[in-house]
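Colleague: Have a look at this one.
The values are calculated or read from the model by the stated rules, or taken from the named source; none is laboratory data. Computed from a predicted structure; not experimentally measured. Counting neighbours? That spans all protein chains shown, and the Cβs are built from the backbone with ideal geometry, glycine included.
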Amino acid sequence: MLIRKVEKFLREHEMSATRFGRLAAHDPRFVLDLRMGRTPRAATEARTLRWMASYAPPLETGTFETGPVATLAFETKGFAHA
């Protein structure tokens with residue numbers, strides 16, 4: 001069952017149900033509906049499982065990458081903002 005895999009994923013990644021729903025299914029109520037007995041279509045279930053398999057947690061809070069890509073992200077109209 002999909003809900004069991006989702007619940008395990010939520011525990012392992014310390015993610016809220018609404019955040020998972022937004023990211024995986026573009027529906028913040030997705031997990032809540034699964035908990036209430038919703039049965040997703042086969043395509044939705046497959047897409048959700050693929051998303052879970054490819055999920056990479058974000059970098060830790062407080063880290064900041066430096067380098068040419070990070071520098072360019074802050075440049076606008078010739079001004080660099082730190």
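Colleague: Identify all residues within the range 40-55 that are outside any helix (DSSP H, G or I) and in contact (Cβ under 8 Å) with a residue 40 or more places away in the chain; write none if there are none.
Modeller: Selection gives 55 alone.
Colleague: Let me ask you something else. Give me the residue from the range 40-82 that is modelled with pLDDT of 95 or more and among the β-branched types (Val, Ile, Thr) and, out of that set, surrounded by the fewest Cβ atoms within 10 Å (Cβ to Cβ).
Modeller: Among residues in the range 40-82 that are modelled with pLDDT of 95 or more and among the β-branched types (Val, Ile, Thr), the one surrounded by the fewest Cβ atoms within 10 Å (Cβ to Cβ) is 44.
Colleague: Identify all residues within the range 8-18 that are without any contact (Cβ under 8 Å) to a residue 24 or more places away in the chain and surrounded by 14 or more Cβ atoms within 10 Å (Cβ to Cβ); write none if there are none.
Modeller: Once the filter is applied, which keeps residues that are without any contact (Cβ under 8 Å) to a residue 24 or more places away in the chain and surrounded by 14 or more Cβ atoms within 10 Å (Cβ to Cβ), the range 8-18 yields 10, 15, 17, 18.
Colleague: Now a separate question. Restricting to the range 28-39, count the residues that are touching a residue at least 24 places away in the same chain (Cβ under 8 Å) and surrounded by fewer than 16 Cβ atoms within 10 Å (Cβ to Cβ).
Modeller: The total comes to 1.
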